[in-house]
Structures are given as structure tokens and as C-alpha cells.
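The values are calculated or read from the model by the stated rules, or taken from the named source; none is laboratory data. Quick caveat: nothing in here was measured; it's all calculated off a predicted structure. Just so you know, the surface numbers come from the protein's heavy atoms only, side chains and all, with ligands and any DNA or RNA stripped out. Shrake-Rupley method; radii C 1.70, N 1.55, O 1.52, S 1.80 Å.
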Amino acid sequence: MKLVLASDHGGFELKEEIKKHLEEKGHEIVDIGTYSTDSVHYPQYGRKAAEMVAAGEAERGILCCGTGIGISLAANKVKGIRCAVVSDAFSCKMSRAHNDANMLSLGGRVVGVGLALQLVDIWMETEFEGGRHQTRVDMIEG
Ligand code: RB5
């Protein structure tokens, strides 16, 4: 799958681990930065990645900032984006199965690398269930 990855400085190290993990699994990664731990503004990265997903330039996206929250808020401003911040396996699975989340956001200062990679795997492998959930997802866009 073609995925866009983005982070700010607070999520940079986790983004790098996720990139390596997904590339090892054969996914095509477009990394739009940031590329160091120098301080940057997370809304710029969240929005740009979200616009790529919304435009179909990447099928899905994964974001990282310190908490996962700020960058997800920016992404969710883009029409068609459903970005879920998760730090537990159940919510992560449900974000795909029930919410058809097309972006995942993780906090580099919240989850360790081991848990984060497990969450990424769950999120990549879980299919949207559709049906009544499709009706509700459609209602999100209004
Ligand atoms: C940056 O210090 C931090 O505010 C950011 O990474 C993120 O946690 C915001 O939601």
C-alpha cells in the first residue's frame, strides 16, 4: 500500500521507526517530513499529509507528534479525512472496523516503539466492516 508519513519534532523518532517497519513489509512510503528533531509546526505537516490522502496521492496516512493530538486535529480539518489518535489496540482496531479511519495518529511521547508498531500492524490489517457503519461514516461528512 502507498502511505504518506508525517511528523513534527515530537514524533520524528517514532515516524522513522514506523517508516522502517512498513518498508520492511513492502509498503511504499512517502515521507513528507519532518526530517530531524528541530522544532517545527505540526499543523503544516498534518494538513499536507491529509491533503495527499484526500487527493488520492496516498491511500492512507500515518502521523506522529508528541501526543498525536495536534497533528490529528490539523489533518481532520481536511474534507474526507478521518484521522484517529489511538494508544490502545481496541480503539485502533475499531478506528478501521467501524470508522474507516484513513489516517492514524500516534504520540511519540505517549507510546513506546513496540506498542506503536503493534498498533500500526493492527491498523493496517483491519478491514472496514461497512454496512451500518458506512451509513454513519457518510454522516460525518454531512
Ligand atoms: C510539540 O512540543 C508538541 O506540542 C506537539 O508535538 C504535539 O504534542 C501537539 O499536539
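Tabulated data for the structure shown
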read-out: Amide H within-cut-off set for LEU104, under 5 Å, with H built and near neighbours excluded; value: GLY61, ILE62, LEU63, ALA84
read-out: Percent accessible area from carbon and sulfur atoms, the chain, protein chains only, probe 1.4 Å; value: 50 percent
read-out: Long-range lysine pairs (8 or more apart or interchain), the chain, Cα under 26 Å; value: 26
read-out: Accessible area of the chain divided out per residue, in Å², using a probe of 1.4 angstrom; value: 49 Å²
read-out: Cα gyration tensor shape of the chain, rounded if a/c is under 1.5, else prolate or oblate by comparing a/b with b/c; value: prolate
